[in-house]
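Chemist: This is the structure I want to talk about, given as structure tokens.
The values are calculated or read from the model by the stated rules, or taken from the named source; none is laboratory data. Nothing here was measured: the structure is a model prediction, and the numbers come from that model. Cβ sites come from the backbone with ideal geometry, for glycine too, and all protein chains shown count toward neighbours. Note: areas computed on protein heavy atoms with side chains; ligands, DNA, RNA excluded. Shrake-Rupley method; radii C 1.70, N 1.55, O 1.52, S 1.80 Å.
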Amino acid sequence: MQFKHLALTAAIAASACLSAQAQTEIQWWHSMTAVNGEWVNDLAKQFNESQKDYKIVPTYKGTYDESMTASIAAFRAGNAPHILQVFEVGTATMMASKGAIVPAGKVMQDAGLPFDPKAYIPAVAGYYTAPNGQMLSFPFNSSTTIFYFNKDAFKAAGLPTDKAPATWPEVVAAAAKLKAAGHKCPFTTAWQNWTQVESFSAWHNVEFASKSNGLQGLDARLKVDSPLHVRHIENLANMAKQGLFVYKGRGNIPEASFVSGECAMINTSSGFYGNVAKNAKFAYGIAPLPYYPDVPGAPQNTVIGGASLWVMAGKKPAEYKGVAEFFKFISRPEVQAASHQRTGYLPVTLAAYDLTEKSGFYKQHPGTDVAVTQMIRKVTDKSRGIRLGNYVQIRAIEDEELEQVWSGKKTAQEAMQNIVKRGNEQLERFQKANKS
């Protein structure tokens, strides 16, 4: 009897061991920090607890450009992750990395899982779709640029708190009142290249680059030295001189100055919402981007930001099945809706948007639908999005040149012409390297 008991115990232990071994690990490299990093970890945990076959292992790999560089090195060394989160400006580079990626649409198809690109918000799906209609990467944390303002600071300055400045002249007027009320940083901007040049272009329906901003060919060239672009950067430079606009750094660094209450207005990502909702100790408002009212067709629509999930090549079929199951899980309307409401990133499926709307979330949290309404407008060839090669380098050029303007070392005209000249050199280099 004892032997039988021992044999049974051994058999149970062996089967537990086998089932533990049978779990396929899926490595996921990402660039999410703080509240958004917690969200990524929670998503992985929810998926892992929802089934027994696969285990998603999320790993923070630095900023977007750092993780992209690390993954290219890892792919060459044969130890790339299964899933890589890549920001939208890396899309053209990933598309050109033939042999390094497996299209997300193919991964879903091979796994025999339902996958309908029409279920996704068109502006999101279209951006990550190849000319042949195949979705290349999986929409994940898609965002767009919006406007946040500190209602308490507005009230103290005698400004209305029920609506944000809608136009750039109104932003200047509000900044002047805030300054007069003793505010040291009336307005700042995060992601200055994305908010003040790229999104600015689409919002005013002017070209950022030729060839539909690069969507129609590798021979696209920058066009940000137009009179409207120069006028806008000149206006911001004048605001900087008067202490109405305070430059706080590159990327999302300036966001901390809004959460702390130091800066009263900021242009940044809709994905900043989770941080504001959790950490701001004041009443705040969310509004559409400001525009110039004398520009015909403005406001148009904003362009996609954030990132998508790319599947790296060279993995086993069972691992790809796990990737597909994870993609299916994060596409569920209830999972998508919860992510959207928690982070401020777009609900990338139409079903998740409907679910959020029906739940009354937008009514309870005014302004949280701004990102969606800015994105679901009809797009034009000038506002569909930006897909250019060597774009990480172009963004760095934009940052360098704009910083010269804010510090008074260059005029807006000189800086914008320089962005075009230096940026086009990068585009020519990319075009030569990727001629098919």
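Chemist: To the nearest 10 degrees, how steep is helix 391-406 against the longest Cα principal axis of the chain, on a 0 to 90 scale?
Modeler: 30 degrees
Chemist: For GLN364 and ASP152 in the same chain, what is the full-extension length gain: residue separation times 0.36 nm, less their Cα-Cα distance, in nm? Working shown, then result.
Modeler: Working: separation 212, 0.36 × 212 = 76.32 nm, distance 1.92 nm.
Length gained, GLN364 through ASP152: 74.4 nm.
Chemist: Out of the total accessible area of region 368-407 (probe 1.4 Å, heavy atoms of protein only), what percent is carbon and sulfur? Working shown, then result.
Modeler: Details: 690 of 1470 Å².
Carbon plus sulfur share of accessible area: 47 percent.
Chemist: Any idea of the accessible area per residue across the chain, 1.4 Å probe, to the nearest Å²? All intermediate terms of the calculation are to be shown ahead of the outcome.
Modeler: On the way: 18840 Å² over 436 residues.
Computed with neighbouring chains in place, this is 43 Å² per residue.
Chemist: Now for a separate question. Once each part is reduced to its C-alpha centroid, what is the distance from region 219-269 to region 53-129 in angstrom?
Modeler: The distance from the Cα centre of region 219-269 to that of region 53-129 comes to 31 Å.
Chemist: Provide TYR128, TYR64 ordered by accessible surface of protein heavy atoms (probe 1.4 Å), highest first. Don't skip to the answer; put the middle values down first.
Modeler: On the way: TYR128 0, TYR64 35 Å².
Descending order: TYR64, TYR128.
Chemist: Same structure, new question: In percent, how large is the relative contact order of region 278-387, given Cα pairs closer than 8 Å and 6 or more residues apart?
Modeler: Values: 68 pairs, mean separation 44.0, N = 110.
Over region 278-387, the number comes to 40 percent.
Chemist: Something else now. With unit charges on the beta carbon (Lys/Arg positive, Asp/Glu negative), name the residue among ALA190, MET312, LEU228 whose Cα is farthest towards the positive pole of the charge dipole of the chain.
Modeler: About the Cα centre, the residue reaching furthest to the positive side is MET312.
Chemist: May I ask you to give the percent of accessible area on region 39-177 that is carbon plus sulfur, with a probe radius of 1.4 Å?
Modeler: That share works out to 55 percent.
Chemist: Round to the nearest 10 and give me the degree value, 0 to 90, for the angle of helix 350-359's Cα axis relative to the longest principal axis of the chain.
Modeler: Value to nearest ten degrees: 80.
Chemist: Here's a follow-up. Would you kindly state how much longer the chain becomes between PHE282 and ALA318 on full extension, computed as 0.36 nm times their sequence separation minus their alpha carbon distance, in nm to one decimal?
Modeler: 8.0 nm
Chemist: To the nearest 20 debye, what is the magnitude of the charge dipole of region 21-118 about its Cα centre, counting +1 on the Cβ of each Lys and Arg and -1 on the Cβ of each Asp and Glu? List each step's numbers first, then the result.
Modeler: Working: 8 positive and 10 negative charges, 56 e Å.
Roughly 260 debye, rounded to the nearest 20.
Chemist: Nearest 500 deg cm²/dmol is fine: what mean residue ellipticity at 222 nm does the chain get from its DSSP H runs of n ≥ 4 alone, each adding -39,500 (n - 2.57), divided by its residue count? Mind showing how you got there, number by number?
Modeler: Numbers: 20 runs with 209 residues, N = 436.
Per the formula, -14500 deg cm²/dmol.
Chemist: Right, something else. Give, rounded to the nearest 20 debye, the magnitude of the charge dipole that the chain has about its Cα centre when Lys and Arg contribute +1 at Cβ and Asp and Glu contribute -1 at Cβ.
Modeler: That gives the chain a dipole magnitude of about 240 debye.
Chemist: Listed here are the pairs LYS179/LYS223; LYS52/LYS316; LYS184/LYS248; LYS382/LYS410; LYS316/LYS432; which of them are more than 23 Å apart at the Cα?
Modeler: Numbers: LYS179/LYS223 34 Å; LYS52/LYS316 18 Å; LYS184/LYS248 12 Å; LYS382/LYS410 28 Å; LYS316/LYS432 34 Å.
Where the Cα-Cα span goes over 23 Å, the pairs concerned are LYS179/LYS223; LYS382/LYS410; LYS316/LYS432.
Chemist: Just report the Cα centroid separation between region 375-436 and region 145-174, whole Å.
Modeler: 29 Å
Chemist: If packing is taken as the average count of other Cβ atoms within 10 Å, what order do 290-296, 351-357 fall into, highest mean first? Please report the intermediate quantities before stating the final value.
Modeler: Details: 290-296: 14.4, 351-357: 18.7.
The most tightly packed comes first, giving 351-357, 290-296.
Chemist: Mind checking the angle between helix 317-331 and the chain's longest principal axis? C-alpha axes, 0 to 90 degrees, to the nearest 10.
Modeler: It works out to around 50 degrees.
Chemist: Want the number for LYS98 to LYS184: 0.36 nm per residue separation, take away the alpha-carbon distance, what's left?
Modeler: Numbers: separation 86, 0.36 × 86 = 30.96 nm, distance 4.99 nm.
Difference between extended and current length: 26.0 nm.
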